[in-house]
1. Filter region 2-40 for residues that are in contact with a Ser or Thr (Cβ under 8 Å, 6 or more places away or on another chain) and of a type in the set (Asp, Glu) and give the result.
2. Mind checking which residues of region 40-72 are within 16 Å of the chain's Cα centre (by Cα) and more than 13 Å from PHE16 (Cα to Cα)?
Amino acid sequence: MEKMSKQVFSDLIVIFKMMPSDMINKINPSFIKFVEDNYDEKYKSDIKPYIPIMEQKISEETQTMLGLIYQEYLMGNEEKKQLIQEKKDKIEKIRQDYKNDDLFKKGDSIKQKNNKLVPIKKQSFFQIIISKIKAYFKFK
């Protein structure tokens, strides 16, 4: 297992010890055993059991793992349904915003700036040579 994962598991062990027993009972025992079997024994977690979890600085990986644990084991059915509906709504909104048919229509509704082609002056052969000579002497 990679070192970072083992450190995250070490943080989770400390957090599991802080949790009330009714919350721990909701988490799958095989998952808890997996975490206990794979934590880094040498790593000293920065999480303090006497300080509320919301007031502590927790690594991003540990926060992600806690979110997954909450979503999988601790979240109620109504919350899960609401979360699924929110995800569906976001996906539908993205689909509506970026529909293939409407991509080019949206450009018509935006005020178009006065985009004119800028004329390019053609330089004669002698003007090009003179500009090169001037550029050469500017750098010296």
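The values are calculated or read from the model by the stated rules, or taken from the named source; none is laboratory data. From a predicted model like this one, the values you see are computed outputs, not experimental measurements. So basically every Cβ, Gly included, is an ideal-geometry build from the backbone, and we count neighbours across all protein chains shown.
1. Listed by number, the residues that qualify are ASP11, ASP40.
2. Residues satisfying the conditions are SER59, GLU60, GLU61, GLN63, THR64, GLY67, LEU68.
Table: residues versus (1) modelled with pLDDT under 90; (2) under 29 Å from ILE24 (Cβ atoms); (3) in contact with a Lys or Arg (Cβ under 9 Å, 6 or more places away or on another chain).
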| residue | (1), (2), (3) |
| --- | --- |
| MET65 | no, yes, no |
| GLN71 | yes, yes, yes |
| GLY76 | yes, yes, no |
| LYS81 | yes, yes, no |
| LYS90 | no, no, no |
| ARG95 | yes, no, no |
| TYR98 | yes, no, no |
| LYS105 | yes, no, no |
| ASP108 | yes, no, no |
